[in-house]
Amino acid sequence: EIRTPLNAIVGFSGLLAVTEKMEDKEEYINIINSNNDLLLQLINDILDLAKIEAGTLEFVDSDVDVNQLFSDIEQSSRLKAQDGVQVCFVEKIPNCILRTDRNRVSQVITNFINNAIKFTTSGYIEVGYYFCTKGDCLHIYVEDTGIGIPEEKQKQVFDRFCKLDEFAQGTGLGLAICQVIAQRFGGEIQLKSEYGKGSRFTLTLPKERIG
């Protein structure tokens, strides 16, 4: 998994150095940047897994403006989506402050979105959050119209190194790490999916986290 983006970065950097066509240069730069992001994510996942094993995964709580967090994530997410896929950020509370680790919450939401982008070729990816009075907690969700997950495999996606598609990029660590983060927050991750129709991942956070 690490060699693949490294090879792409080295190969297209070499092509970038010798090509003269501006269109080709732009394409090579985009490929290099994409593989840089992938490589960084792979390294971060491996480091997080090592910290989980050692019991040293750090959390630094602060006051987090959820709407500002969504706005920051929104900018990059729309650029990553495939043509024909609409990324919608909806269902927001006018003002919502969480007492939590901003980077870790962002990590979970971004992982949900990146997975949705990876497996959604048409339709939409919807991101939102709301306060559930029934469960007395905040629900942050990402819903897509992607390939979905068969019912018998839905529990497996939270296992370490689980990849339902062996040809897809990634280590298969993202959701396992997100599950640990959610539990450290005192919450959980919920999954609803129908094969061929799409998936909905939800991070629930207890009301004690809401400022």
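The values are calculated or read from the model by the stated rules, or taken from the named source; none is laboratory data. This is a predicted model, so every value here is computed, not measured. Glycine also receives a Cβ, built like all others from the backbone with ideal geometry; neighbour counts cover every protein chain displayed. For accessibility, only protein heavy atoms count, side chains too; no ligands or nucleic acids. Shrake-Rupley method; radii C 1.70, N 1.55, O 1.52, S 1.80 Å.
Here the relative contact order of the chain, from alpha carbon pairs under 8 Å that lie six or more residues apart, stands at 19 percent. Amide H to amide H, with H built 1.01 Å from N, Cys96 comes under 5 Å of Val66, Asn67, counting only residues 5 or more places away or on other chains. The string of couplings for segment 81-98 from the Karplus curve (6.51, -1.76, 1.60, θ = phi - 60°) is 5, 6, 4, x, 10, 8, 9, 10, 9, 10, 6, 10, 8, x, 8, 9, 10, 10 Hz, one whole number per residue in order, with x for Gly and Pro. Per residue, the solvent-accessible area of the chain (1.4 Å probe, heavy atoms of protein chains only, all protein chains present) comes to 57 Å².
Annotation for segment 107-211: GluC sites (Glu not before Pro) lying in DSSP loop with at most 13 further Cβ atoms inside 10 Å of their Cβ are Glu166.
Helical runs (DSSP H, four residues minimum) scored at -39500 (n - 2.57) apiece and divided by the length of the chain put the mean residue ellipticity at 222 nm at -15000 deg cm²/dmol. With both labels modelled 7 Å from their Cα along Cα-to-Cβ, the Gln156 to Asp72 distance reads 3.6 nm.
Quick check on segment 68-187: take the gyration tensor over C-alpha atoms, sort the square-rooted eigenvalues as a ≥ b ≥ c, and tell me if it's rounded (a/c under 1.5), prolate or oblate.
Oblate shape, in that a/c is at least 1.5 and b/c is the bigger or equal ratio.
Remark on Ile125: its backbone amide H falls under 5 Å from those of Gln86, Val87, Cys88, a criterion applied only to residues 5 or more positions apart or on other chains, H modelled at 1.01 Å from N. May I ask for the angle, rounded to the nearest 10°, between helix 174-184 and the longest principal axis of the chain, with both axes built from Cα atoms and the value confined to 0 to 90°? Approximately 30 degrees, to the nearest ten.
With all protein chains in place and a 1.4 Å probe, the accessible surface of segment 1-87 carries 52 percent carbon and sulfur. Checked against a 25 Å cut-off, the cross-linked pairs Lys92/Lys207; Lys80/Lys207; Lys118/Lys192; Lys134/Lys192; Lys134/Lys163; Lys163/Lys197 give Cα-Cα distances beyond that limit for Lys80/Lys207; Lys134/Lys163.
Please list, ordered by chain and number, the residues whose modelled amide H lies under 5 Å from the amide H of Asp101; skip anything fewer than 5 residues away on the same chain. Those qualifying (amide H under 5 Å, at least 5 residues apart or on another chain) are Ser62.
Couplings for segment 124-138, taken from phi via the Karplus curve 6.51 cos²θ - 1.76 cosθ + 1.60 with θ = phi - 60°, read 8, 10, 10, 10, x, 8, 7, 8, 9, 5, 5, x, 6, 8, 8 Hz in order; Gly and Pro are left as x.
Placing pseudo-labels 7 Å out from each Cα toward the beta carbon at Cys132 and Leu16 gives an inter-label distance of 4.4 nm. Between the helical axis of 66-80 and the longest alpha-carbon principal axis of the chain there is an angle of about 30 degrees.
Does segment 31-115 come out rounded, prolate or oblate, given a ≥ b ≥ c as the square roots of the eigenvalues of its C-alpha gyration tensor, rounded meaning a/c under 1.5 and, failing that, prolate meaning a/b above b/c? Note, shape of segment 31-115 comes out oblate.
A simple rule links phi to the HN-Hα coupling: the Karplus curve 6.51 cos²θ - 1.76 cosθ + 1.60 with θ = phi - 60°, which for segment 200-211 gives 9, 9, 10, 9, 9, 10, x, 4, 4, 7, 8, x Hz, with x for Gly and Pro.
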